[in-house]
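Peer 1: Quick one: this structure, given as structure tokens, is what I'll be asking you about.
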Amino acid sequence: MLDVGRHPNIELMAYSEVEKVEGEAGDFKVTVRRKARYVDEDKCTGCGACTEKCPTLLADAFNMGLGERKAIYSWFAQGIPSTHTIDAENCRQLQGKKCGICKKTCQADAVNFEQEDRIVELNVGAIIVASGYEVFDASRVPEYRYRDIPNVITALEFERLLSASGPTGGHLDRPSDIAAKAEIAALEKKAKKAKKTLEKLEEKFGESSSEFFKHYEGRQYEGDEDRKKWADRYMEYLAVAEPLEALKKKAEGFTVAKKLAFIQCVGSRDLRFYPFCSGYCCMHSIKEAIIAYEHEPETRSVIFGMDIRAVGKGFEEYKIRGGNQAGISYVRGRVAEITEGSDRRPVLTYEDTRERVVKSEAFDLVILATACVPSKGISALAEILGIELDEFGFYKTDVSNPMDTTRPGIFTCGCAHSPMDIPESVAQASGAAARAAQILLESEMRKAS
Amino acid sequence: MNERQRGKEEAQEETRIGVFICDCGSNIAGHLDCAAVTEYAAKLPDVVCAKENLYTCSEAGIAEIQKAIKEHKLNRVLVASCSPRTHQPLFQSSCAEAGMNPYLFEMANIRDQCSWVHMQKREEATEKAKDLVRMGVAKAAFLEPQKDIEASLIPRVLVIGGGVGGLSAAESLAGMGLEVILVEKADQLGGLLNQLHQLAPDGDQAADRLSHLVDTVTSKSNVTIHVGSEVESVAGYIGNFEVAIRPKEGDALKEKVGCIVVAVGAVPLEPEGMYGYDGKTVITQAELEEQLKSGAFKASKVVMIQCVGARCPEREYCSRICCMTAVKNAMLIKGQNPEAKVHILYRDMQMYGTKKERMLWDARGLGVRFDVYEADKPPEVGEGTVKFEQPLIGETREIPYDLVVLSTPLVAREDAPLLSQLLRVPMDQNRFFMEAHAKLRPLDFATDGIFVCGSARYPATVEEARSQGVGVASRIATVLFKDKLVTSAIVAEINPETCVGCQGCMEMCPYGAIVYVPEKEICEVNTILCKGCGCCAATCPSESALLKGFKPEQLLAQIRAM
């Protein structure tokens, strides 16, 4: 990424969208909208001081909503370019409220609330569209209850949990436990505040709140308004303190997730959603199970799949290694249903095809291998580019020239072409570059002659 | 005069070292005290500035280094962060941009060697990071400025193999205006495509696709084709290879090229002795293709067995293309004769991606039957029936057949090891050629100037071999479209005054970069081939072979600081 960012022949236009394409191979005119960041790219050093001071907390989309970010942010820490961006919809200042803290904090004077979208015209010989893919929305599969059961997560969410720079620092905490810990923190804050109020009253009346409350309940202070208020405060405190204690006790028993279930083909190879195979998810699940095992050797994973498609170089060997050395077992078949059992553990109903019996089994965490699907904007972009989509919703290409779209001079690669893994995407990207280079050289030769 | 002073005098200016300590977010700072390391570094001799960065490799971090080089007149920079393997080039070029000689840059790996391996021991990890920084600073003081090595480039390419991958590479390279020499061992171009009938998933005729491809390549004026020829010898290095091509008859041709493409493909395994293979009623998918192509196919009860000689202890890998081939042929049979019974016995149907999975649905729709078998209970081919255990229903079944088709994997060519030796490029345990990086550099070899595509690397479909062949062309363009070749100055040098010509270094060099010069009775280094591994320097009994940037005084300064 950094190599691209620093290459003298590459001009990066992040946070920008293509709006119009005219002309033909060798001579395209492209209109690009450079969206307002409200931060001057030339001035911003990416130091992050603004982010530290920004008062608005939001769910962090990069961490799959598992962590938090501010209204002025960079997508992720090593992002290129490192220029920060203001999320206009959530920024206090831009929503007409009083704030502007980031502007005051910024030593480079890079924050500019008046910035507007800019339209840029480009003249290029060839276009490569590598607009990637989107991950299937797992909540569309009713039987897996992704929204309802907190410990059913997607493979990408799991990836963030495994990451040392992720929201849990790489510990496999269950989302239900993460939520409980957040609740404890919130209740503790409340309890602390309530206690402060009580302490003032205790000083005033020279008696501990619990002692006083015994007398109060014994109807000693009837008609005493001040003491009634004290009693109210005390009851409010108890309403927080009691569940807090209970939660804390429960949290003592929290351990990292050790028994994992991976469910393949969530949204893929399913006629209700997408008929195709997403290609990379089998290997993704195996990799995640192996990393989880490396974090915690007591981890045991079951991967449920119709076929385990380990078709790339070294993949089958990796799959076997996962089974022999990383506590993975592979079960052929589709999981029928997920429900929630005791201790917030997801319970899988499936046919164990090895024994040919239907089983109900609880796991600590269930990871859904969600499909690689065409991105939402792909049809709009295809229309702008004047290229066609195939029957699956990806860019249509010529079989004998897999990087050529239906319009000469426009090429594609990677998962915008169809689901594929990293080495295939990289090889195709080189291919698209070669095709584009040919167009440029041909048009140069034409001009020269 | 002590060594330190001598080092300073050589540099002929005051040594001014800047130290940058990277938090790597929480990757390093989460497990050791980066602020303490920074404070410690600031007090080390010759260090004039020490800074801590959230991410030193970020744009902000780089900008900070460049600013410090100018502000503090730094002539040495030490970054304590991650692995030099991934980040040294970035930091070096950034220093160069700010006007410092990039070879005066040094790195300490406090992530891999401290925060990662001593995760639970914060104090000890911090102390070790201080040690590494101190050692790095000590070495940095003795670094010498170097100049990158430059060489000429010959804008011609040798493509070895005339199958889909090689033809596609040749076509694209020629289209970019480069001269191509294509060498094919067989008497005609086309490779495996010659033996195929119809192509999946779009039903194109292989012959049509092939003749189109061959016509395009042969019509290019800048492509020279040698069929029935083999590469006999390869010498030289990136930009300047000398190859000898041996035709079936006559003298070998000598050619000079700048880059080489390995596109030798792979061959289907001959299943001798497996499942009663006889080439008549038990045949391979390749033989079935021939029958379908010639019209000789007549069977009406066909059983196909997948993973024959693949995904087994002798050959662990999945050959990627055989499931698709089987389904395609099953559909062709059904298309010819809808009454025909076609049964596919498989372990996992590897129909990855969009169109292949679609074929699987369509094949089922046409009535092709799929049954799974377990690896440890392979089907048994008997007289007129195939017996197998269906694990999903727990029954043993027998299917009558008049033709059994075995799906065998693509295996590396027998002469792949020979080519591997000629080019000095590695193969994996399955004798497929091994790329420089499994994910990020799938088309490059670790040896500069040599590239790989198609089934020589790993079994590939026609479409994949095409993508890779075209892809190789742009990899080569990044080399040959430059005016000259520029490589790192971190190479070995041999002192001609002290070298006795024992040739110990020559034997140790894994890159063939050292030659013995009989007239001078000494060894010399080819600085383009040299990768700076240091084997020669470690071997030389007279300390005549030295590795720039890792000379004894530099390393000893580092060790003494420990």
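The values are calculated or read from the model by the stated rules, or taken from the named source; none is laboratory data. Note that the structure is predicted; figures quoted are calculated from it, not measured. Positions of Cβ are backbone-derived with ideal geometry, glycine not excepted, and every protein chain shown enters the neighbour counts.
Peer 1: Tell me, which residue of the range B:431-456 that is facing chain A (nearest Cβ under 9 Å) and in contact (Cβ under 8 Å) with a residue 40 or more places away in the chain is surrounded by the fewest Cβ atoms within 10 Å (Cβ to Cβ)?
Peer 2: Step by step, filter the range B:431-456, then rank; the result is B:432.
Peer 1: To continue, here is another question. What helices (runs of 4 or more DSSP H) completely inside the range B:1-116 contain at least 1 residues that are modelled with pLDDT of 95 or more and either surrounded by 21 or more Cβ atoms within 10 Å (Cβ to Cβ) or not assigned by TED's automatic domain parsing to the domain that holds residue B:131 (or both)?
Peer 2: B:34-42, B:59-71, B:84-97
Peer 1: Turning to a different aspect of this structure: For the range B:163-177, does any single residue satisfy the condition of being in contact (Cβ under 8 Å) with a residue 12 or more places away in the chain, within 14 Å of chain A (Cβ to nearest Cβ), over 16 Å from residue B:76 (Cβ atoms) and over 24 Å from the mean Cα position of the chain (by Cα)?
Peer 2: yes
Peer 1: What's the total number of residues in the range A:100-124 that are surrounded by 18 or more Cβ atoms within 10 Å (Cβ to Cβ) and either touching an Asp or Glu at 6+ places or on another chain (Cβ under 6 Å) or part of a loop (DSSP other than H, G, I, E, B) (or both)?
Peer 2: So the count comes out to 2.
Peer 1: For the range A:395-404, check the following and say yes or no: at least one residue is touching a strand residue (DSSP E or B) at 6+ places or on another chain (Cβ under 6 Å), charged (D, E, K, R) and either closer than 30 Å to residue A:329 by Cβ or loosely packed, with under 13 Cβ neighbours inside 10 Å (or both).
Peer 2: yes
Peer 1: I'm checking my understanding of the structure. Among residues of the range B:415-431 that are of a type in the set (A, V, I, L, M) and closer than 21 Å to residue B:236 by Cβ, which one is modelled with the lowest pLDDT?
Peer 2: Going residue by residue through the range B:415-431, those that are of a type in the set (A, V, I, L, M) are B:416, B:418-419, B:422-423, B:425, B:427.
Subsequent filtering for residues that are closer than 21 Å to residue B:236 by Cβ retains B:418-419, B:422-423, B:425.
On the way: B:418: 96, B:419: 97, B:422: 95, B:423: 94, B:425: 91.
In this case the residue turns out to be B:425.
Peer 1: Now for a different question. Filter the range A:406-426 for residues that are small (Gly, Ala, Ser) and farther than 14 Å from residue A:387 by Cβ and give the result.
Peer 2: Result: A:414, A:418, A:425.
Peer 1: All but one of (1) of a type outside the set (Lys, Arg); (2) surrounded by fewer than 24 Cβ atoms within 10 Å (Cβ to Cβ); (3) assigned to a helix (DSSP H, G or I); (4) facing chain A (nearest Cβ under 9 Å) hold for residue B:471; state the number of the condition that does not hold.
Peer 2: It fails just one condition, (2).
Peer 1: Taking the conditions exactly as written (crowded, with 16+ Cβ neighbours inside 10 Å and either farther than 30 Å from residue A:297 by Cα or polar (S, T, N, Q) (or both)), does residue A:198 satisfy them or not? Working first, answer last.
Peer 2: On the way: crowded, with 16+ Cβ neighbours inside 10 Å: yes; either farther than 30 Å from residue A:297 by Cα or polar (S, T, N, Q) (or both): yes.
Judged against the criteria, residue A:198 is a match.
Peer 1: Right, here's the next one. Could you list, in sequence order, all residues of the range A:298-321 that are closer than 16 Å to residue A:264 by Cα and either out of contact with any Asp or Glu (no Cβ under 9 Å at 6 or more places or on another chain) or within 13 Å of chain B (Cβ to nearest Cβ) (or both)?
Peer 2: Within the range A:298-321, the subset closer than 16 Å to residue A:264 by Cα is A:301-311, A:319.
Within the range A:298-321, A:303, A:304, A:305, A:306, A:307, A:308, A:309, A:310, A:311, A:319 qualify.
Peer 1: Any chance the range A:159-172 includes a residue that's touching a residue at least 24 places away in the same chain (Cβ under 8 Å) and within 23 Å of residue A:336 (Cβ to Cβ)?
Peer 2: No, the conditions are met nowhere in the range A:159-172.
Peer 1: Examine the range B:22-43 for a residue that is in contact (Cβ under 8 Å) with a residue 60 or more places away in the chain and of a type in the set (Val, Ile, Thr), and state whether such a residue exists.
Peer 2: Checked the range B:22-43: at least one residue is in contact (Cβ under 8 Å) with a residue 60 or more places away in the chain and of a type in the set (Val, Ile, Thr).
Peer 1: Picking from A:367, A:290, which residue would you name as being modelled with pLDDT of 95 or more, surrounded by 17 or more Cβ atoms within 10 Å (Cβ to Cβ), in contact with a strand residue (DSSP E or B) (Cβ under 6 Å, 6 or more places away or on another chain) and under 26 Å from residue B:350 (Cβ atoms)?
Peer 2: A:367
Peer 1: Restricting attention to the range A:259-275, does a residue exist that is assigned to a loop (DSSP other than H, G, I, E, B), of a type in the set (A, V, I, L, M) and more than 14 Å from chain B (Cβ to nearest Cβ)?
Peer 2: no
Peer 1: Then there's this: For residue A:304, only one of the following conditions fails: (1) under 22 Å from residue B:390 (Cα atoms); (2) assigned to a loop (DSSP other than H, G, I, E, B). What is its number?
Peer 2: (2)
Peer 1: Return the residues of the range B:190-205 that are more than 9 Å from every other protein chain (Cβ to nearest Cβ), closer than 20 Å to residue B:359 by Cβ and touching a residue at least 24 places away in the same chain (Cβ under 8 Å); say none if nothing qualifies.
Peer 2: Across the range B:190-205, the qualifying residues are B:192, B:193, B:196, B:197, B:198, B:200.
Peer 1: Residue check: is residue A:183 among the acidic types (Asp, Glu) and farther than 30 Å from residue A:162 by Cα?
Peer 2: For residue A:183, the condition - among the acidic types (Asp, Glu) and farther than 30 Å from residue A:162 by Cα - is not met.
Peer 1: Every residue in the range A:135-147 that is in contact with a helix residue (DSSP H, G or I) (Cβ under 9 Å, 6 or more places away or on another chain) and either outside any helix (DSSP H, G or I) or under 21 Å from residue A:34 (Cα atoms) (or both), please. Explain how you work it out, then say what you get.
Peer 2: First, pick out the residues of the range A:135-147 that are in contact with a helix residue (DSSP H, G or I) (Cβ under 9 Å, 6 or more places away or on another chain): A:135, A:138, A:144-147.
Once the filter is applied, which keeps residues that are in contact with a helix residue (DSSP H, G or I) (Cβ under 9 Å, 6 or more places away or on another chain) and either outside any helix (DSSP H, G or I) or under 21 Å from residue A:34 (Cα atoms) (or both), the range A:135-147 yields A:135, A:145, A:146, A:147.
Peer 1: Here are the criteria: (1) within 14 Å of chain A (Cβ to nearest Cβ); (2) among the aliphatic types (A, V, I, L, M); (3) surrounded by 23 or more Cβ atoms within 10 Å (Cβ to Cβ). Tell me which single one residue B:537 does not satisfy.
Peer 2: Exception for residue B:537: condition (1).
Peer 1: Among the residues of the range A:29-51 satisfying the criterion of being part of a strand (DSSP E or B) and not basic (Lys, Arg), which is nearest to residue A:179 (Cα to Cα)?
Peer 2: A:39
Peer 1: Has the range A:220-234 got any residue that is of a type in the set (D, E, K, R), out of contact with any Lys or Arg (no Cβ under 7 Å at 6 or more places or on another chain) and part of a loop (DSSP other than H, G, I, E, B)?
Peer 2: yes
Peer 1: Restricting the first residue to the range A:1-27 and requiring it to be within 14 Å of chain B (Cβ to nearest Cβ) and more than 30 Å from residue A:406 (Cβ to Cβ), which pairs with a second residue that is in a helix (DSSP H, G or I) and aliphatic (A, V, I, L, M) meet a Cβ separation below 9 Å and a spacing of at least six or different chains?
Peer 2: So the pair list comes out as A:2/B:62; A:2/B:90; A:3/B:90; A:6/B:62; A:6/B:90.
Peer 1: How many residues, within the range B:432-460, are of a type in the set (Ser, Thr, Tyr) and at pLDDT 95 or above?
Peer 2: 2
Peer 1: Of the residues A:362, A:382, A:434, A:427, only one is more than 16 Å from residue A:129 (Cα to Cα) and at pLDDT 95 or above; which?
Peer 2: Every option except A:362 fails the conditions.
Peer 1: Hey, does the range A:52-72 have a residue that's at pLDDT 80 or above, within 14 Å of chain B (Cβ to nearest Cβ) and assigned to a helix (DSSP H, G or I)?
Peer 2: Yes, the range A:52-72 has at least one match.
Peer 1: From B:182, B:153, grab the single residue that is farther than 30 Å from residue B:558 by Cβ, among the hydrophobic types (A, V, I, L, M, F, W, C) and part of a loop (DSSP other than H, G, I, E, B).
Peer 2: Only one candidate passes the filter, namely B:153.
Peer 1: Is it the case, given these coordinates, that residue B:463 is among the charged types (D, E, K, R) and not in a loop (DSSP other than H, G, I, E, B)?
Peer 2: Taking the combined requirement at face value, the residue satisfies it.
Peer 1: If you go through the range B:360-387 one residue at a time, how many are part of a helix (DSSP H, G or I) and in contact (Cβ under 8 Å) with a residue 60 or more places away in the chain?
Peer 2: First, pick out the residues of the range B:360-387 that are part of a helix (DSSP H, G or I): B:360-366.
Filter again for in contact (Cβ under 8 Å) with a residue 60 or more places away in the chain, leaving none.
Residues meeting the conditions: 0.
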